[in-house]
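In what follows, a structure is listed as structure tokens, so that the remarks can point back to it.
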Amino acid sequence: MSDMLRVSLVQLDLKWGNVEENLQSITRLISGLKNATDLIVLPEMFSSGFMMENKDQIAPKAEMTINWMMNQAKELKSTILGSIIVEEDGVYYNRLYCVDGEKIICSYDKRHLFRMGEEQEHFKGGDERVIFTIGKWRIRPLVCYDLRFPVWSRNQNNYDLLLYVANWPEARQDVWSILLKARAIENQSFVLGVNRIGQDGMGLSYAGGSVVYDSKGKELIKCVDNQEAILNASLSLDELNGFRAKFPVHLDADSFQINK
């Protein structure tokens, strides 16, 4: 099995609260990826934009959205990942799903809820660390505000790719880029970030800045700001493991425990 992982970053403008239109737009954008990629990464709340007040209107469409993800994964012969709004027993979650053409591979509930936007007033945070695999690759998915918390993101020698899906406003674009690069260096891991563009229903603007860094913090690919795009990259596990063996920072890492 190849040590290479083909990843596709989908940077797009999300239509506020319009699940059907967003899914149609993404379907058109990714239609050319059949047999061309292993992992397609969509932004945070890719079906609706970063909504809270009207979450009760979006959550009932979660099953439809997951089925769409699975159908697209089957058609394109790939794995698809992104977060959506879901509801269980009256409780709402910002939940990331990773699916293939047959099943849900894993799900992750965003742990750090964006206090400045009162996300914690509308959603419940998760406390489970999730890692899934594609071939030889171990992949850790996280969501937006999680990026600001290095302890939660910390590599305990159990992942090779750290990825973040986001609705990260343009006003803090420099922070997005700096923190993604820092996470790559400190965790000796590839880091991938996918962000949206456009303006949401609250008047916030998003520039994108979707990007992949290698374990030395080198930028491998980056989407042009404020443009819809799909960028593809091929990542080498042999290259990553070679660097880790040559420069084994992880052997001196501090042990820690996270209290739930």
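Only one of (1) under 22 Å from F256 (Cβ atoms); (2) surrounded by fewer than 16 Cβ atoms within 10 Å (Cβ to Cβ); (3) under 16 Å from the mean Cα position of the chain (by Cα); (4) not basic (K, R) is not met by D127, so which one is it?
Against the list (1) under 22 Å from F256 (Cβ atoms); (2) surrounded by fewer than 16 Cβ atoms within 10 Å (Cβ to Cβ); (3) under 16 Å from the mean Cα position of the chain (by Cα); (4) not basic (K, R), D127 comes up short only on (3).
With respect to V130, determine if the residue is of a type in the set (A, V, I, L, M), under 30 Å from D56 (Cα atoms) and in a strand (DSSP E or B). Write out each step before concluding.
Details: of a type in the set (A, V, I, L, M): yes; under 30 Å from D56 (Cα atoms): yes; in a strand (DSSP E or B): no.
Considered against the rule, which asks whether it is of a type in the set (A, V, I, L, M), under 30 Å from D56 (Cα atoms) and in a strand (DSSP E or B), V130 comes out as no.
Inside segment 207-260, can you point out the residues that are of a type in the set (D, E, K, R), farther than 22 Å from R138 by Cα, free of Cβ contacts under 8 Å to residues at least 60 places away in the same chain and surrounded by fewer than 18 Cβ atoms within 10 Å (Cβ to Cβ)?
Quick first cut of segment 207-260, residues of a type in the set (D, E, K, R) only: 214, 216, 218-219, 222, 225, 228, 238-239, 244, 246, 252, 254, 260.
From what is left, the residues that are farther than 22 Å from R138 by Cα are 222, 225, 228, 260.
Checking which are free of Cβ contacts under 8 Å to residues at least 60 places away in the same chain leaves us with 222, 225.
Within segment 207-260, D225 is the sole residue that qualifies.
For A171, are the conditions met, namely being surrounded by 20 or more Cβ atoms within 10 Å (Cβ to Cβ), aliphatic (A, V, I, L, M) and not in a strand (DSSP E or B)? Step through it out loud before you land on a result.
Working: surrounded by 20 or more Cβ atoms within 10 Å (Cβ to Cβ): no; aliphatic (A, V, I, L, M): yes; not in a strand (DSSP E or B): yes.
Judged against the criteria, A171 is not a match.
Which residues, counting only those in segment 74-89, are surrounded by fewer than 22 Cβ atoms within 10 Å (Cβ to Cβ), more than 16 Å from E119 (Cα to Cα) and over 13 Å from the mean Cα position of the chain (by Cα)? Can you show your working first?
First, the residues of segment 74-89 that are surrounded by fewer than 22 Cβ atoms within 10 Å (Cβ to Cβ): 74-77, 79, 87-89.
Still in the running and more than 16 Å from E119 (Cα to Cα): 74-77, 79, 88-89.
Answer for segment 74-89, where residues must be surrounded by fewer than 22 Cβ atoms within 10 Å (Cβ to Cβ), more than 16 Å from E119 (Cα to Cα) and over 13 Å from the mean Cα position of the chain (by Cα): K74, E75, L76, K77, E88, D89.
If V165 meets every condition in (1) at pLDDT below 95; (2) touching a strand residue (DSSP E or B) at 6+ places or on another chain (Cβ under 6 Å) apart from one, which number is that one?
That leaves (1) as the condition not met.
Any residue in segment 39-48 that is over 15 Å from D100 (Cα atoms), touching a helix residue (DSSP H, G or I) at 6+ places or on another chain (Cβ under 6 Å), at pLDDT 95 or above and not acidic (D, E)? Even if it seems obvious, please write down each step before you answer.
The initial filter retains those residues of segment 39-48 that are over 15 Å from D100 (Cα atoms), namely 43-48.
In the following step, the residues that additionally are touching a helix residue (DSSP H, G or I) at 6+ places or on another chain (Cβ under 6 Å) were identified as 44, 47-48.
So of that shortlist, the ones also at pLDDT 95 or above come out as 44, 47-48.
Keeping just the survivors that are not acidic (D, E) gives 47-48.
Yes.
How do the pairs read when you match residues in segment 4-22 that are more than 30 Å from G135 (Cα to Cα) with residues anywhere that are assigned to a strand (DSSP E or B), using Cβ under 7 Å and keeping only pairs 6 or more apart or on different chains?
Listed by first residue and then by second, the contacts come to D13/I197; D13/G198; L14/G198.
For segment 105-127, what are the residues that are in a helix (DSSP H, G or I) and either among the charged types (D, E, K, R) or without any contact (Cβ under 8 Å) to a residue 12 or more places away in the chain (or both)? Don't jump to the end; show me each part of the working.
Our first condition is that a residue be in a helix (DSSP H, G or I); within segment 105-127, this holds for 115-117, 119-121.
Answer for segment 105-127, where residues must be in a helix (DSSP H, G or I) and either among the charged types (D, E, K, R) or without any contact (Cβ under 8 Å) to a residue 12 or more places away in the chain (or both): R115, M116, E119, Q120, E121.
Within segment 133-151, which residues are surrounded by 16 or more Cβ atoms within 10 Å (Cβ to Cβ) and either in contact with a helix residue (DSSP H, G or I) (Cβ under 6 Å, 6 or more places away or on another chain) or part of a helix (DSSP H, G or I) (or both)? Before you say what the answer is, go through the steps one by one.
Our first condition is that a residue be surrounded by 16 or more Cβ atoms within 10 Å (Cβ to Cβ); within segment 133-151, this holds for 134, 137-147.
Matches in segment 133-151: C144, Y145, D146, L147.
Looking at segment 90-124 only, could you name the residues that are out of contact with any strand residue (DSSP E or B) (no Cβ under 8 Å at 6 or more places or on another chain) and loosely packed, with under 15 Cβ neighbours inside 10 Å?
Of everything in segment 90-124, those that are out of contact with any strand residue (DSSP E or B) (no Cβ under 8 Å at 6 or more places or on another chain) and loosely packed, with under 15 Cβ neighbours inside 10 Å turn out to be G90, V91, E102, K103, R115, M116, E118, Q120, E121.
For segment 175-260, which fully contained strands (runs of 3 or more DSSP E) count at least 1 residues that are over 16 Å from L147 (Cα atoms)? Give the derivation first.
Working: elements: 190-195, 197-199, 205-207, 211-213, 219-222, 229-236.
Correct list: 197-199, 205-207, 219-222, 229-236.
How many of the residues in segment 73-115 are aromatic (F, W, Y) and over 17 Å from M51 (Cα atoms)? Steps first, please.
Within segment 73-115, the first condition is being aromatic (F, W, Y), and the residues that meet it are 92-93, 97, 108, 114.
Now drop any that are not over 17 Å from M51 (Cα atoms), which leaves 97, 108.
Adding up the residues that qualify gives 2.
Out of K74, K34, K15, I need the residue that is closer than 16 Å to N167 by Cβ and of a type in the set (D, E, K, R). Which one?
Numbers: K74 fails: closer than 16 Å to N167 by Cβ; K34 fails: closer than 16 Å to N167 by Cβ.
Residue meeting the stated conditions: K15.
Only one of R154, R183 is touching an Asp or Glu at 6+ places or on another chain (Cβ under 9 Å), of a type in the set (K, R) and buried (at least 16 other Cβ atoms within 10 Å of the Cβ); which?
Details: R183 fails: touching an Asp or Glu at 6+ places or on another chain (Cβ under 9 Å).
Being touching an Asp or Glu at 6+ places or on another chain (Cβ under 9 Å), of a type in the set (K, R) and buried (at least 16 other Cβ atoms within 10 Å of the Cβ) holds for just one of R154, R183, which is R154.
The values are calculated or read from the model by the stated rules, or taken from the named source; none is laboratory data. If you're wondering where the values come from, they're calculated on a predicted model, not measured in any experiment. With ideal geometry, Cβ positions are generated from the backbone for all residues, glycine too; neighbour counts draw on all protein chains shown.
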